[in-house]
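What follows draws every value from the coordinates through simple rules; no lab data is involved. This one's a predicted model, so the numbers in the text were calculated from it and none came from an experiment. Virtual Cβ from ideal backbone geometry, glycine too; neighbours counted across all protein chains shown.
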Amino acid sequence: MNHPKKERTFVAIKPDGIQRSLIGEIVSRLERVGLKLVAIKMLVANSGQVEEHYSQLDEKIRKYLIKYMTSGPIIAMVWEGAHAVKITRKIVGCTEPLTSDVGTIRGDYVLDSYAMSDEDGRAVRNLIHASGSPEEAEKEISHWFKPEEVIDYRLVQEEILYDVNLDGILE
C-alpha cells in the first residue's frame, strides 16, 4: 500500500467553471493547501465518456449531466497528496452549491441549487467535480487519463510537508 501522502484524486473543472474564468482560482486553492498537480488536460468530453463517468447515477440525472458536461470544454486533473480525496472535497464544498459552506469553492462562487436545476430541467451548475473516495478516484483517473499522462515528480515543498523531523531545513 502507498503512503497516504501519495493518495490521488480526480478533479474536473466543468464547463461553467471555464466560462466563468475560475480555472486559476480553483487550481490555486488546491495548490495552496499543498496538493500536487500530477496530470492536467483540457478537452471536450463526448457523451460516452460522461455517461461512463456518471454510470452509478439515476438515468434522468445522468441525462442532464451529459448535456451539461458536453456543452463546452472541461479541464481534467489529477491531484496528489496526503488525504487528497477528503481535502479536495472539503475545499470544493457540497455538491449542492446552496448548502456549501462559505469558504468553499462552491459556497463562494455558485448560487445554484437542486430546486432551481429541477425547476429548469437541467444539471446543477456547480463548477467542479471531485472524487468521493480513493476507490472512486482510482476508477475516474484511469477513465480520463492513460498511465503515462500521470507524472511522478518531486516538489521542493514536499520536504516541508512530509519531512518527519523537519531536520532538513538548517544546513
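Restricting the stretch 13-37 to residues that are among the small types (G, A, S) and part of a loop (DSSP other than H, G, I, E, B) leaves a set whose member that is farthest from S131 (Cα to Cα) is S21.
Every residue in the stretch 60-116 that is among the hydroxyl-bearing types (S, T, Y), more than 30 Å from N2 (Cα to Cα) and in contact with a helix residue (DSSP H, G or I) (Cβ under 8 Å, 6 or more places away or on another chain), please. Answer for the stretch 60-116, where residues must be among the hydroxyl-bearing types (S, T, Y), more than 30 Å from N2 (Cα to Cα) and in contact with a helix residue (DSSP H, G or I) (Cβ under 8 Å, 6 or more places away or on another chain): Y64, Y68, T70, S71, S100, Y109, S113, Y114.
All conditions in (1) more than 22 Å from E51 (Cα to Cα); (2) of a type in the set (S, T, Y); (3) in contact with a Phe, Trp or Tyr (Cβ under 9 Å, 6 or more places away or on another chain) hold for Y162, with the sole exception of (3). For the stretch 17-36, indicate whether the set of residues that are closer than 23 Å to E119 by Cβ, surrounded by 17 or more Cβ atoms within 10 Å (Cβ to Cβ) and not aromatic (F, W, Y) is non-empty. Scanning the stretch 17-36 turns up at least one residue that is closer than 23 Å to E119 by Cβ, surrounded by 17 or more Cβ atoms within 10 Å (Cβ to Cβ) and not aromatic (F, W, Y). If you take the residues in the stretch 158-171 that are surrounded by 12 or more Cβ atoms within 10 Å (Cβ to Cβ) and of a type outside the set (A, V, I, L, M, F, W, C), which one is farthest from I87 (Cα to Cα)? In this case the residue turns out to be E159. Among all residues of the stretch 160-167, there is none that is closer than 29 Å to T95 by Cβ, hydroxyl-bearing (S, T, Y) and touching a residue at least 60 places away in the same chain (Cβ under 8 Å). Scanning the stretch 1-25 for residues being over 20 Å from I151 (Cα atoms), within 13 Å of the chain's Cα centre (by Cα) and β-branched (V, I, T) gives a total of 1. Take A84 and tell me if it is crowded, with 17+ Cβ neighbours inside 10 Å, touching a strand residue (DSSP E or B) at 6+ places or on another chain (Cβ under 8 Å) and closer than 13 Å to W144 by Cβ. So A84 does not fit the description; no.
What residue, of S117, S142, S100, S133, is without any contact (Cβ under 8 Å) to a residue 40 or more places away in the chain, surrounded by fewer than 20 Cβ atoms within 10 Å (Cβ to Cβ) and over 21 Å from G24 (Cα atoms)?
The conditions single out S142.
Any residue in the stretch 14-30 that is of a type outside the set (S, T, Y) and closer than 20 Å to H143 by Cα? Yes, there is a match, as at least one residue in the stretch 14-30 is of a type outside the set (S, T, Y) and closer than 20 Å to H143 by Cα. Of the listed requirements (1) closer than 21 Å to L22 by Cβ; (2) without any contact (Cβ under 8 Å) to a residue 24 or more places away in the chain; (3) among the basic types (K, R), K60 misses just one: (1).
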